[in-house]
Amino acid sequence: MNASASAVRRIWRTVAVAGLAFGARDARAQISVSGNPTAMKVTAAVAGSAPTAVSNALTTYSLSTNPVRHFTVTASINSPMPAGVTLNITLAASNGVSVGAVTLSTVAQNVVTGVSKRMFGQVITYTLSATAAAGVVPLQTRIVTLTQINTP
Amino acid sequence: MSKSTNFLTIGALVAFAAANTASAQVTQTVTFQVTAINQIAVSGAPSLTINTAVAGSAPTAVTSAVSTWSVTTNQSTASITASIASAMPAGLTLSANLTAPAGAASTGLTALGTTAVNVVTGITKLNSAGLGLTYQLDATAAAGVVSSSTRVVTYTITGGV
């Protein structure tokens, strides 16, 4: 093997190792939240109107690594909401595009797209609404899963 | 390119592809509840004056239909009761007639007294606005001339389960 071939091999090796390191770094991609929101209770209405929706914007999420290209964040809940009760989620995204209010279901839906770099302390807003027909709904929970995905 | 170089190159591509599909998850627990909600409202300021009669008959009753009422309840079989704070003068009768929302029943024109009486029953899990509310004032000749007076009518939504 001549010197030139050896040099090419060293370059490829460097590229390969860099690629492995780069990939390994993003494989550790992390999404985190600041905690659980306090209980949301629909307790009031204006006579003649549907019960008054309530919101909670006291928790945040962070994406602590940079994407290879972009990140998308999806959201879903572990089981359907009771009939007539709706849970919406809105994620702020200073380095991406928030889809806006999304009605949560058991099917994951995009809530943030096109995240170009990491971001911290982004506000999560939940809104709970109910129709009168929903009736009285006892205290219960849903687990919201936020998933960070690398996208082109 | 040597075998080792190919291996490393493929490794880099695999790592890059893995990075492109890598995902991470986090969960939050959301706790929620909807409590019993029962709201009723009325609008309008009705005024009723009896000032005529057909000769030979009692003074002619008057009605006012300028008011409306609205309701929201997420319970079943709720009722609306009505009462006035103090009794009407002798010979005068104040009545109310509330239009029922869908699925409920109105008791029709109902005389009001200091004891609450049902005016609408069977209201179940609905919100409805701008429902009709009509007042009627009746007087007997024996009531005589009655100076201007007011009564506060109290509507209460009750009994939902």
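Bear in mind that the values in this text are calculations on the coordinates, not laboratory data. No experiment lies behind these values; they were computed from the predicted model shown. All Cβ positions, glycine included, derive from the backbone under ideal geometry; neighbour counts span all protein chains shown.
Details
- Residue-wise HN-Hα coupling along the stretch B:146-161, computed from phi with Karplus coefficients 6.51, -1.76, 1.60 (Hz; x: Gly, Pro): 10, 5, 4, 8, 10, 9, 8, 9, 9, 9, 10, 9, 8, x, x, 10
- Fewest neighbouring Cβ atoms within 10 Å first, the residues B:Arg151, A:Arg142 line up as B:Arg151, A:Arg142.
- Inter-site label distance for B:Thr158 and A:Asn66 at 7 Å from Cα along Cβ, in nm: 7.0 nm
- Degrees, to the nearest 10: B:3-21 long Cα axis against longest axis of chain B: 0 degrees
- Two-site FRET efficiency, A:Ala92 against B:Gln25, from Cβ-Cβ distance with R₀ of 25 Å, rounded to 0.05: 0.85
- Simple label model, 7 Å out from Cα along Cβ direction - B:Asn118 to A:Ala133, nm: 2.5 nm
- The ranking of A:Leu139, A:Leu63, B:Leu126 from fewest to most other beta carbons within 10 Å of each one's beta carbon is A:Leu139, B:Leu126, A:Leu63.
- Spatial offset of the stretch A:33-81 relative to the stretch B:140-157 amounts to 53 Å, using the alpha carbon center of each.
- For the residues B:Gln28, B:Gln136, B:Gln39, a GNM of chain B with alpha-carbon springs under 10 Å puts the largest fluctuation on B:Gln28.
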